[in-house]
């Protein structure tokens, strides 16, 4: 597990590195758990004042969940348990008591996109590409909570655009629409800027930042309905989802049937 997520604290700044560059830093369930563990209780993990979350290498921040782990899905309960697990992880990041910065190079897709959006600030390189291309890959859907997060950040029209077209947003567009707070030239500059920003933030009043984070989280949470399980079951329990998964792993185009 320590090989898949590297964690260190230096000068009050914690750095979490998703470390599966050979798989574009796609997350295993164990990686999700470790991420939630650190973000949920930073005081027990070196007591940093700020956390930076990044991916190893320059090709990807994170390309979502490792698809092979979906092969075990057999029942509606499997899909709901998965979304419940991911929601617990994203909530741990979102409600982390200290500020979080996503330092993004390359692809930030699927579950990686959810992680980045749950962080307080997002700094990206010119190579950054953000999206949820599930309409052309797996045929699944997001949870109600993640639709709400995306909509609050980007607006419903842009969420539909991103999901329906399955396109990836580039760095310039991401900056223009408020997804990325800053754009830098390359990975080395990215990490230097993230640490610089973390150092600045670490000198500010922690309770002000904690109250602001929690207030905005509560506002967003109040807008989330609790009746989305039927949508998750419809997508994850479908023949299309099974086809999308096997097509993705087999490196061929999926044959959608709408059922």
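The numbers here are math on the coordinates, done by the rules we state, and not lab data. Because the structure is predicted, anything quoted here is derived from the model rather than measured. Cβ: placed from backbone, ideal geometry, glycine included. Neighbour counts: every protein chain shown.
General remarks:
- Here, P(r) means the percent of Cα pairs in each 10 Å bin from 0 to the largest distance; for the stretch 1-100 it is 16, 45, 31, 8, 1.
- Length gained when the stretch residue 74-residue 59 is fully extended (0.36 nm per residue, less Cα-Cα span): 2.1 nm
- The stretch 1-46: relative contact order in percent, alpha carbon pairs under 8 Å with at least 6 residues between: 30 percent
- Only beta bridges with both residues in the chain are counted; by DSSP, about 25 percent of them are antiparallel.
- Percentage relative contact order, the chain, counting C-alpha pairs under 8 Å, at least six apart: 20 percent
- Residue order, fewest to most surrounding Cβ atoms within 10 angstrom, among 45, 187, 6: 6, 45, 187
- Reducing the stretch 30-108 and the stretch 198-238 to their Cα centroids gives an inter-centroid distance of 13 Å.
- Crossing angle, helix 156-165 versus the chain [Cα axis fit, 0-90 degrees, rounded to tens]: 50 degrees
- Residues 176, 252, 242, sorted so that the one with the fewest Cβ neighbours within 10 Å comes first: 252, 176, 242
- With Cα atoms, 0 to 90° folded angle of helix 76-94 axis to the chain main axis: 20 degrees
- Under the Debye formula (equal points on every Cα, no solvent term), log10 I(q)/I(0) of the stretch 208-259 at q = 0.13, 0.26, 0.29 Å⁻¹: -0.57, -0.94, -1.03
- Crossing angle, helix 144-154 versus the chain [Cα axis fit, 0-90 degrees, rounded to tens]: 60 degrees
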